[in-house]
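The values are calculated or read from the model by the stated rules, or taken from the named source; none is laboratory data. Computed from a prediction, not measured in an experiment: that's the story for all the values here. Neighbour counts run over all protein chains shown; Cβ positions are idealised from the backbone, glycine included. SASA here: full protein model, heavy atoms, side chains in, ligands and nucleic acids out. Shrake-Rupley method; radii C 1.70, N 1.55, O 1.52, S 1.80 Å.
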Amino acid sequence: MQFLEPIITMLTDRLGPLGPVIAVAGIGILLMLAVLPSFLRQKADPLDKLRATARGAAQRAASDGKQQALRVGSGGGDKLKKFASFLEPQSEEEMSDARLQMTRAGYRGKNAVRTFHAIQFGLGLGMLALGVAFALFAAQGGEVSTTKMILYVLLPGGAGYYLPKYWVERRVQTRQQDIQDGFPDALDLLLVCVEAGQSLDQGIIRVSKELQAGYPALAEEFGLVAHEIKAGKDKSQVLRAFGERSGVQDVNSFVTVMIQSQTFGTSIAEALRVYAGDMRDKRVMRAEEAANKIPTKMTLGTMMFTVPPLLIILVGPSVNDMMKTFASLNM
């Protein structure tokens with residue numbers, strides 16, 4: 001073991017007391033990166049392929065409509081196909097939930113889930129490598145505690161791993177808010193089209209074109225509904241898929257109203273008129289609710305930026321006079 005002493009001494013002189021530990025950690029990361037390609041490129045078991053093929057055929061035959069709604073569009077992630085077993089959830093339920101989440105975020109490609117996990121994995125490793133590099137740089141400048149060293153390495157890696165997830169969640173919230181804001185206007189336009197003599201299908205196509213400038217997310221959803229109806233899919237199934245993709249309660253209620261109107265043979269124009277009025281009232285109520293929250297939100301800012309200056313103006317001269325009086329008495 002004597003031949004290791006010069007190496008340990010050199011690492012300690014250059015990297016500080018934790019030099020050997022940092023070196024061992026770096027070697028471990030390099031070994032993991034070297035083994036990872038061979039692990040990802042391992043051949044699948046032929047029996048597993050047969051089972052997956054049979055299971056996929058049965059699932060497509062049983063739920064072709066639902067899977068088609070989740071796989072609209074195509075992406076350029078075919079290069080990641082060989083890593084599908086590593087980058088995609090193996091459970092059918094988890095895979096369906098992941099596809100639905102990506103669809104609600106506006107990423108409709110069939111490889112969206114695979115690409116998302118690839119970006120998440122690559123960004124996490126990249127930020128982890130940057131954290132290790134920063135930790136080594138900080139160790140050269142002086143002694144760094146073990147806690148700081150761990151934080152320097154793990155915090156960037158964790159941030160890089162969770163950043164794509166945060167981005168997708170924010171995209172989902174933004175699109176849902178866009179759909180919710182534009183839905184009352186879309187219902188009014190649809191009502192005008194239906195009362196003008198157009199069918200519901202033609203009205204949806206016209207609304208999708210008219211809303212393209214103001215509410216692109218909602219226009220995209222209506223356009224997808226129109227294309228699916230043109231393709232010959234059942235209208236009730238298309239509307240249910242629309243409500244599921246949007247994730248907005250108002251849209252789900254609209255879908256229920258349309259399906260019931262179609263089932264019982266009632267007037268679609270009358271149902272649209274009543275529901276459009278309700279949506280306008282709900283939009284006004286949401287605006288009033290947001291306006292009523294403003295005074296509460298401004299209370300903290302008012303207390304922080306108004307009360308201290310006011311106290312200084314009112315109490316400041318008295319405090320100054322008192323200090324001068326005490327100073328004159330002490331003299």
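Just a few scattered comments:
- Rolling a 1.4 Å probe over the protein heavy atoms leaves K235 with an accessible area of roughly 60 Å².
- The base-10 log of I(q)/I(0) for the stretch 180-274, evaluated at q = 0.13, 0.15, 0.21, 0.23 Å⁻¹, reads -0.38, -0.51, -1.11, -1.38 [Debye formula, identical scatterers on Cα atoms, solvent excluded].
- Solution diffusion estimate, µm²/s, Stokes-Einstein, the stretch 94-173, Kirkwood Rh from C-alpha pairs, 37 °C, viscosity 0.692 mPa s: 234
- Kirkwood hydrodynamic radius of the stretch 289-331, Cα pairs, Å: 13.0
- This model, with +1 at the C-beta of Lys and Arg and -1 at the C-beta of Asp and Glu, gives the stretch 85-209 a dipole about its Cα centre of some 420 debye.
- Debye-sum result for the stretch 214-322 in log10 I(q)/I(0), which assumes one identical scatterer on each alpha carbon, at q = 0.11, 0.15, 0.18, 0.22 Å⁻¹: -0.56, -0.80, -1.00, -1.23
- Computed with every protein chain present, the accessible area of F137 is close to 150 Å² [probe 1.4 Å].
- Inter-site label distance for Q202 and V307 at 7 Å from Cα along Cβ, in nm: 6.5
- Order of exposure, largest accessible area first, which applies to H117, H227 with probe 1.4 Å: H227, H117
- Packing here is the average count of other Cβ atoms within 10 Å per residue, and on that basis the peptides 266-276, 98-108, 314-324, 165-175, highest first, run 98-108, 266-276, 165-175, 314-324.
- The stretch 237-294 and the stretch 166-220 have Cα centres separated by 12 Å.
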